[in-house]
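Presented below is the structure to which this report refers.
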Amino acid sequence: MPAGLVALAVGGFGIGLTEFVIAGLLPQVASDFAVDEATAGWLISGYALAVAVGALGLTAAVTRLPRRQVLLALMVLFVAGNALSALADTYAVMLAGRVLAALCHGAFFGIGSVVAASLVPPHRQAGAIAVMFTGLTAANVLGVPFGTLLGQQLGWRSTFWAITVIGVVALASIALLVPKGAGEEGGTTSLRRELTAFGSPQVWLSLLVTVLGFGGMFGAFTYIAYTLTGVTGFAATTVPWLLVLFGVGLLAGNALGGRAAQVSVPRTLVVTLGMLAVVMTGFALTASSQVLTVVSLVLMGGFGFATVPPLQMRVMSHAGQARTLASGANIAAFNVGNAIGAWIGGTTIAAGLGYTSPIWVGAGMAALALLVVVVAERLASSRTPGRTTAA
C-alpha cells in the first residue's frame with residue numbers, strides 16, 4: 001500500500017471526527033453558549049451545508065493548482081477551523097469555526113479521491129479510494145466514542161483541541177508521504193475543462209444515484225436514536241454503543257465495497273443498493289425486536305457505505321479528464337442526499353407516521369437509486385458497443 005494513502009486516511013479520520021463528534025457534545029456546547037437545541041443544531045446542519053459549498057466552490061477555485069499543495073492548504077484550513085472552535089467564546093465564533101473546517105471537507109475528499117487513484121494502477125483505484133475513506137469510517141467506530149468521552153471528562157473544548165492535533169499530524173503526513181505531482185497525470189487543468197464533465201448525462205445520473213442511495217441511508221440514520229429507544233425499547237445509555245456497531249458496519253462495508261468495485265463498479269452498485277433497500281425494509285418491519293434491530297443496524301451501515309467507493313469511481317470514470325470537480329460534486333451530492341433524506345424523514349415523523357417512517361423513506365430512496373443505476377448502465381452500454389461491466 002502506498003504510504004500516501006495512509007496520509008490521506010489520517011486526514012479523513014480527522015475530518016470525519018470533526019463532522020460526527022459534535023452530536024455527542026451538543027448538549028454541553030448548547031449549555032455553555034446558552035442557546036436552545038434548535039440553534040445548537042446549526043453546528044451540525046451548518047457544517048453539512050458548508051461541506052457542499054466547499055466541495056463545489058472551493059474545488060472549482062483551485063483547479064489550476066497542484067493537487068498535493070491544495071491538500072496541504074485544505075488541512076491548514078481544517079486546523080484553523082478546529083482551533084477556532086476550541087477557542088470560541090461565543091456561539092457565533094463556534095459556528096464560524098465549524099463552517100471554516102467544513103469548507104475543506106468536500107474539497108479534501110473530492111481532490112483526495114483523484115490523488116488516491118493516481119497512486120495505484122487503474123485496476124486498484126477503487127480500493128485506493130476506499131483506503132482514504134477508511135479514515136472517515138474509523139472516525140465513527142473509534143474517534144466519536146472516545147472524542148465524546150474526552151469531552152465529557154475534560155470539557156468539549158478538549159475534543160476540538162485533540163482534533164486540531166490530529167489535523168497537524170495529517171498535514172505533516174501528507175507533506176511527507178504524498179509524492180509531488182500526485183494526481184497530475186492528466187496534465188494542467190482549468191475550470192473550463194473541469195466543467196466539461198457536467199456535459200455528460202452519466203455524470204448527472206451518477207450524482208442522482210449518490211443523492212438517493214446515500215441520502216436514504218443517512219436520512220434513516222438521522223433519527224435512529226428515536227427508533228432505538230421509542231420503538232425497539234433500548235435504554236438511552238446503550239445508544240452510543242449501538243452506534244459503534246453501526247460504525248463497524250460502515251468500516252467493513254467501505255472495505256468490501258472497494259474490493260468489489262475493483263472487479264465491477266456497476267455490479268457492486270446493483271448488489272449494494274438492492275441489499276440496502278432489502279435490509280432497510282426488513283429493519284422497518286422488525287424494529288420492535290432488539291436482536292434483529294442490532295443485525296439490521298450493522299447491515300444498514302455495511303451496505304450503505306459499501307456504495308461509497310463505487311459511487312466515487314463511477315462519477316470519476318464518466319468525467320473523463322475532468323475528474324476533480326466531478327469528484328467534488330459527488331462529495332456535495334452525499335451531503336445534499338443527507339439533507340434531503342433527513343428532511344423527508346423528519347416530515348414523515350411530524351405527520352405522525354412513527355419513528356420507523358424514516359427507515360421506510362430510506363428503503364424507497366435506495367430502491368429508486370437502484371432503478372437509476374440500472375437505467376444508467378443500459379444507456380451507457382447502448383452508447384458504448386463492447387463495453388464490459390468491469391468499468
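No lab work stands behind these numbers, since they all come straight from the coordinates. In this text the structure is predicted, and so the values were computed from the model without any measurement. We place every Cβ from the backbone using ideal geometry, glycine too, and count neighbours over all the protein chains shown.
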Next item on the list: Only Cα pairs under 8 Å and at least 6 apart count here; give the relative contact order of the range 52-143 as a rounded whole percent.
Entry: 30 percent
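By Kyte-Doolittle mean hydropathy of at least 0.0 and Cα axial length of at least 18 Å, which whole DSSP H helices of the chain are selected? All intermediate terms of the calculation are to be shown ahead of the outcome.
Values: long enough: 3-33 (42 Å, 1.49); 67-87 (30 Å, 1.43); 91-118 (41 Å, 1.54); 125-138 (20 Å, 1.34); 156-177 (32 Å, 1.72); 201-222 (30 Å, 1.37); 239-263 (36 Å, 1.34); 265-285 (30 Å, 1.78); 290-306 (24 Å, 1.84); 323-350 (40 Å, 0.74); 357-383 (39 Å, 1.30).
Span-like helices here: 3-33, 67-87, 91-118, 125-138, 156-177, 201-222, 239-263, 265-285, 290-306, 323-350, 357-383.
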Check: Just one of (1) 60; (2) 14; (3) 49 is percent of Cα pairs over 38 Å apart as worked out from the coordinates here. Which one is it?
Finding: (2)
Margin query: Starting from the 7 Å offset along Cα-to-Cβ, what nm value, one decimal, do you get for the label separation of residue 36 and residue 229?
Written below: 1.9 nm
Notebook entry, point to check: If one computes the Cα centroid of the range 228-253 and of the range 103-126, what distance in Å separates the two points?
Noted result: 30 Å
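Residue separation times 0.36 nm, minus the C-alpha to C-alpha distance between residue 259 and residue 169: what's the value? Please report the intermediate quantities before stating the final value.
On the way: separation 90, 0.36 × 90 = 32.40 nm, distance 2.79 nm.
Taking 0.36 nm per residue and subtracting the Cα distance, the gain is 29.6 nm.
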Notebook entry, point to check: Not counting the cut sites, what is the longest span of the chain without trypsin sites (Lys or Arg not before Pro) that DSSP labels loop and that have at most 13 other Cβ atoms within 10 Å?
Noted result: 181-386
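Nearest 0.05, what FRET efficiency do residue 290 and residue 44 give at R0 = 30 Å with Cβ-Cβ as r?
Values: r = 28 Å, r/R0 = 0.92.
Here the calculated transfer efficiency is 0.60.
Can you compute the FRET efficiency between residue 267 and residue 76 using 1/(1 + (r/R0)^6), with r the Cβ-Cβ distance and R0 = 41 Å? Round to the nearest 0.05.
Working: r = 40 Å, r/R0 = 0.98.
Taking R0 as 41 Å, the efficiency between residue 267 and residue 76 is 0.55.
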Notebook entry, point to check: Under a point spin-label approximation (7 Å from Cα along Cα-to-Cβ), what is the residue 374-residue 87 distance to one decimal in nm?
Noted result: 5.6 nm
